[in-house]
């Protein structure tokens with residue numbers, strides 16, 4: 001019985017510390033399996049190209065909008081930390097990844113994580129050398145989103161996989177397949193203007209509001225390296 | 001000696017000698033220190049399972065779903081133990097898995113029910129203890145565990161756990177079908193990998209208990 005209580009206390013400790021010891025042990029054990037730095041360079045260069053293309057469309061549209069409004073807040077840029085993805089979610093119901101950089105590298109809870117092509121999620125837990133990231137493809141993760149071309153606002157929910165669903169606030173949004181979607185200025189968790197993905201199809205009949213299916217720009221199923229931006233705080237509230 | 005040959009099979013001569021040494025060492029221990037060794041091995045096996053959870057090796061997943069190592073462990077543990085031992089193991093491993101993912105909704109319920117049901121099954125003696133039946137139990141229990149998780153997500157969607165973002169009811173149950181089937185198939189296929197050594201170890205420990213120590 002004493003051993004049972006001891007085991008119970010141990011398990012409770014794991015739960016309260018969010019499995020910090022296990023995460024560190026896991027990182028140490030999988031060190032030989034982690035991808036090497038040379039691969040990372042090629043992947044990053046490729047990724048930067050497609051990310052820049054999407055950013056260009058986004059910035060172009062944003063620029064026009066700003067010229068009209070003249071109340072633009074300076075976009076923040078932060079330092080990026082490149083981190084290897086060392087594990088996936090420890091359960092089938094959540095879309096999470098474990099990356100091999102943590103508090104000692106300056107990562108904080110809420111840091112924005114982007115992959116090859118766009119955002120992938122945000123940090124929900126850090127240990128000295130690992131962090132756990134909730135992906136945008138998780139059904140419980142919501143992101144304020146905007147269509148770059150027409151500035152139509154809405155929010156995006158994950159749908160466990162490489163696709164997500166965007167719900168619009170308007171009844172008749174100006175959207176078409178192929179439109180680029182980015183984080184909106186109203187997002188509480190992400191800074192505005194980061195690329196998310198492209199519209200694949202739209203269901204205008206959907207009640208209460210129209211929905212669009214979005215293909216995420218970052219390959220969330222096959223992530224090997226991610227960039228974590230630390231100094232970016234959540235978007236400024238209007 | 002005959003028992004030990006069962007444990008290590010027809011391995012090489014050196015392996016056999018190592019096995020002999022380990023067995024001799026276990027016999028020489030006092031019952032108390034043997035208990036400590038037993039618990040250390042058991043704990044180590046749980047830690048290995050926990051560390052295997054975030055790992056995705058090629059060929060180990062089906063539809064993006066990995067085998068549920070903790071569920072296999074709870075079944076292996078509970079097959080020959082009492083109702084309450086099964087429940088306790090479920091609670092402990094559930095808490096640990098909560099720590100590695102998210103605490104809301106919790107894994108404690110599903111693993112606890114799995115432990116209790118498995119312990120109950122054995123009493124009715126409908127199922128003989130061998131690999132096929134253990135794989136079948138794991139298959140059924142994986143479906144039970146995933147259903148309990150899906151129910152919790154549905155309850156969360158109705159606001160029973162306070163505020164929080166939960167997926168829509170339709171999405172939960174669509175995903176449940178996919179995840180329950182994939183997890184059940186994969187876990188039952190991988191079950192012997194964990195069940196065989198653990199069961200052998202506990203059997204060996206039990207048989208050593210019977211022999212009065214010198």
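The values are calculated or read from the model by the stated rules, or taken from the named source; none is laboratory data. Quick caveat, the model's predicted, so the values are computed rather than measured. Glycine gets a Cβ as well: all are built from the backbone with ideal geometry, and neighbour counts include every protein chain shown.
Tabulated data
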{"read-out": "Pairs where the first residue, in the range A:203-224, is within 14 Å of chain B (Cβ to nearest Cβ) and the second is assigned to a loop (DSSP other than H, G, I, E, B), C-beta under 6 Å, 6+ apart", "value": "A:220/A:137; A:220/A:162; A:221/A:162; A:223/A:115; A:224/A:35"}
{"read-out": "Some residue of the range B:81-98 being within 14 Å of chain A (Cβ to nearest Cβ), touching a strand residue (DSSP E or B) at 6+ places or on another chain (Cβ under 9 Å) and modelled with pLDDT under 90", "value": "no"}
{"read-out": "Residue, modelled with the lowest pLDDT, within the range B:58-74, restricted to residues that are surrounded by 15 or more Cβ atoms within 10 Å (Cβ to Cβ) and more than 16 Å from residue A:87 (Cα to Cα)", "value": "B:62"}
{"read-out": "Subset of the range B:154-168 that is loosely packed, with under 11 Cβ neighbours inside 10 Å and over 16 Å from residue B:102 (Cα atoms) - its residue that is modelled with the highest pLDDT", "value": "B:158"}
{"read-out": "Residue among A:184, A:141 that alone is surrounded by 20 or more Cβ atoms within 10 Å (Cβ to Cβ) and within 14 Å of chain B (Cβ to nearest Cβ)", "value": "A:141"}
{"read-out": "Residues satisfying the stated conditions in the range B:49-63, i.e. under 22 Å from residue A:24 (Cβ atoms) and without any contact (Cβ under 8 Å) to a residue 12 or more places away in the chain", "value": "B:51, B:55, B:56, B:57"}
{"read-out": "Residue in the range B:51-67 that is outside any helix (DSSP H, G or I), more than 11 Å from every other protein chain (Cβ to nearest Cβ) and within 20 Å of residue B:140 (Cβ to Cβ) present", "value": "no"}
{"read-out": "Where residue A:180 falls short, out of the listed (1) under 11 Å from the mean Cα position of the chain (by Cα); (2) in contact (Cβ under 8 Å) with a residue 40 or more places away in the chain", "value": "(1)"}
{"read-out": "Selected residue (criterion: surrounded by the fewest Cβ atoms within 10 Å (Cβ to Cβ)) from residues of the range B:95-110 that are touching a residue at least 24 places away in the same chain (Cβ under 8 Å) and closer than 18 Å to residue A:19 by Cα", "value": "B:104"}
{"read-out": "Among the candidates A:115, A:106, A:197, A:110, residue that is within 30 Å of residue A:66 (Cβ to Cβ), touching a residue at least 60 places away in the same chain (Cβ under 8 Å), surrounded by fewer than 17 Cβ atoms within 10 Å (Cβ to Cβ) and away from chain B (no Cβ under 14 Å)", "value": "A:110"}
{"read-out": "Sole exception among (1) at the interface with another protein chain (Cβ under 9 Å from one of its Cβ atoms); (2) in a helix (DSSP H, G or I); (3) within 24 Å of the chain's Cα centre (by Cα) for residue A:50, by number", "value": "(1)"}
{"read-out": "Considering residues of the range A:171-181 that are touching a strand residue (DSSP E or B) at 6+ places or on another chain (Cβ under 8 Å) and exposed (fewer than 14 other Cβ atoms within 10 Å of the Cβ) only, the residue nearest to residue A:222 (Cα to Cα)", "value": "A:178"}
{"read-out": "Qualifying residue in the range A:79-99 (condition: within 23 Å of residue A:214 (Cα to Cα), touching a residue at least 24 places away in the same chain (Cβ under 8 Å), away from chain B (no Cβ under 14 Å) and buried (at least 24 other Cβ atoms within 10 Å of the Cβ))", "value": "no"}
